[in-house]
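The values are calculated or read from the model by the stated rules, or taken from the named source; none is laboratory data. No experiment lies behind these values; they were computed from the predicted model shown. Backbone-built Cβ (ideal geometry, glycine too); neighbour counts: all protein chains shown. Areas reflect the complete protein model, heavy atoms only, side chains present, ligands, DNA and RNA absent. Shrake-Rupley method; radii C 1.70, N 1.55, O 1.52, S 1.80 Å.
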Amino acid sequence: MKLRQKVIFLAITPLILALCAIALAVWHQSALLATQQKAAIEQAYLASKEAELKHYVALAAHSVAHLYDSGRTDPAAQEEAKRILASLSFGDDGYFFVYDMQGNSLMHPRQPELVGRNLYAMRDNAGNPTIVRLLARAREGGGLERYQWVKPSTRQEVAKLGYVIPMRRWGWMMGTGIYLDDVERALAKIDTQQRGNIQNTMLWIAAIAILSALAVGFSGLALNISESRVADAKLKALAQRVVESQEEERARLSRDLHDGISQWLVSIKLQIEAGIERLSGQPSQTDKALAVFEHTAGQLNKVLGEVRRISHNLRPAVLDDIGLAPALAHLAEEFQHDSGMPVRFSAAGSTERLPETANTVLFRIAQEALTNIERHARASRIAVALAGTAHGVTLSIGDDGVGFDPADIAQHPKRGIGLRNMMERLEAIGGRLELDSSPAGTTVRAHIDYGT
């Protein structure tokens, strides 16, 4: 995987993980809220139905109160009470029922086939004794009881909530109930709606996650394309500068060879030929020939010095032989001798941990800085300092010249090539270049850490 792809992946992955965590939290909280809401609705709904049942039973008891409270216990009064209760109803499946305390069905308007039968031992599909539980509730003074019973309209056994009261003077249990399948359907509908809402929320979060990932991906792609174009442009400019530097170096070497060594060698050749002619002539010409050869030897020394200078510029052998600090001291001494400008060199600490590449870079930066000072600074004093610490090495070259504007130099296409070369050399090995310039002078600092 390429670096750009890794960057995009590392940008998208936390986003997806965060959205997944949000989705999980929303789903959990929504499910918990749905459960609590369903329980609250069920409780409120059942509470209203319980109150309604109590009102129904109170109404039924009031409808036969004139018979029950009269003190009559004769069969005629009881039959009249059963007739009145059988005529009372609320809805298709809302009715009242009457049992005696032995479990005999005395009145059931929706299921007349049960009347006269003893249902004390009746059990529902789950094996629960239905009538026994209702009678027990009535003996306790009345109350609510949930059980299973066949719904008249559907002929299926469903959950029912009943409310019964005792009529002790007649030995009856009178009550009514509501079937809970309607409640369960209403709650199931609410549950379905809540699951749909949760699912829609998850889909929205998934859509947002996908769109966000696509946005990050396209933004990263656009940024990569833009950075690639900028990098390509910089690479082309750098390649062009490298080519130009190579051509400038070749032109300089050509001038040095043509203007210096070549001319001196031609002069030496002519002088040697003249000396040979004088040696072959009169004996009096011997002294003159000796003077010619001595002059030729001096010019050969100059040629050797020029060759050493060119070789030194190409690759300083002193750097390999005696190390960075002595090489910089030698460079400062040569520069002072050639330019006449006083150079003070100081070294502190050790630089032995620097690799050869870093030594060469620092030496070249010192050469470039001294050359720039000689050409542009109009300085009277130069200070070169090399400092080694436990973390790295710092090379400082300062002068008291006229200074310059670094921002203006950086924007000019044909100026500041030496500074750019210094920066590029340091960046190539992980170092950094600091530049301070004012009318009071200029200081260049090159830092190289041992970890680079």
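Across every pair of different alpha-carbon atoms, what Kirkwood hydrodynamic radius in Å does segment 133-245 reach? Can you show the working numbers first?
On the way: mean 1/r = 0.0467 Å⁻¹.
Computed over Cα pairs of segment 133-245, the Kirkwood hydrodynamic radius comes out at 21.4 Å.
Report the full-extension gain for the segment Ser350 to His330: residue separation times 0.36 nm, less the Cα-Cα distance, to one decimal in nm. Write out the running numbers ahead of the final one.
Details: separation 20, 0.36 × 20 = 7.20 nm, distance 1.76 nm.
Additional length available on full extension: 5.4 nm.
May I ask you to give the solvent-accessible area per residue for segment 59-181, in square angstrom, as obtained with a 1.4 angstrom probe? Numbers along the way, then the final one.
Values: 5680 Å² over 123 residues.
I get 46 Å² per residue for segment 59-181.
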Taking 0.36 nm per residue of separation and subtracting the Cα-Cα distance, what length does fully extending Lys189 through Ala25 add?
56.6 nm
Label-to-label distance, nm, for residues given as Arg420 and Glu157 (7 Å Cα→Cβ offset)
9.5 nm
If I histogram all Cα-Cα distances within segment 38-93 using bins 10 Å wide from 0, what percent of pairs lands in each bin?
21, 38, 24, 13, 5
Along segment 394-400, what does the Karplus equation 6.51 cos²θ - 1.76 cosθ + 1.60 (θ = phi - 60°) give for ³J(HN,Hα), rounded to whole Hz, x for Gly and Pro?
10, 10, 10, 10, x, 9, 9
Step through the residues of segment 119-131 one at a time and calculate ³J(HN,Hα) from phi using the Karplus curve (6.51 cos²θ - 1.76 cosθ + 1.60, θ = phi - 60°), rounding each to whole Hz and writing x for Gly and Pro.
10, 4, 8, 5, 10, 7, 5, 8, x, 8, x, 5, 5
Separation in nanometres of the label points that stand 7 Å from Cα toward Cβ, at Leu221 and Asn301
7.4 nm
Cut-off under 5 Å, modelled amide H: who pairs with Glu157 long-range
Lys151
Karplus couplings for segment 326-334 from phi (6.51 cos²θ - 1.76 cosθ + 1.60, θ = phi - 60°), rounded to Hz, Gly and Pro as x?
x, 5, 5, 5, 5, 4, 4, 5, 5
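How many Å² of accessible area per residue for segment 341-452, probe 1.4 Å?
Values: 6010 Å² over 112 residues.
Counting only protein heavy atoms, the per-residue value for segment 341-452 is 54 Å².
If contacts are Cα pairs under 8 angstrom and at least 6 residues apart, what is the relative contact order of segment 1-127 in percent?
Relative contact order, segment 1-127: 10 percent.
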Taking H placed 1.01 Å from N in the peptide plane, check which residues at least 5 places from Phe404 or on another chain put their amide H under 5 Å from its amide H.
Ser438
Leu33 versus Asp338: modelled label distance in nm, points set 7 Å from Cα along the beta carbon direction:
8.1 nm
What residues have an amide H closer than 5 Å to that of Gly392, excluding those fewer than 5 places away on the same chain, when H is modeled at 1.01 Å from N in the peptide plane?
Tyr450
Counting all Cα-Cα pairs in segment 332-452, those more than 19 Å apart amount in percent to 46 percent
What relative contact order, as a whole-number percentage, does segment 320-439 give when Cα pairs under 8 Å and 6 or more residues apart are counted?
23 percent
How much of the accessible area of segment 1-121, in percent, comes from carbon and sulfur atoms when a 1.4 Å probe is used?
63 percent
Using the alpha-carbon centroid of each, what span in Å lies between segment 428-452 and segment 347-389?
10 Å
If you roll a 1.4 angstrom probe over the protein chains with everything in place, what fraction of the accessible area of segment 123-235 belongs to carbon and sulfur, to the nearest %?
58 percent
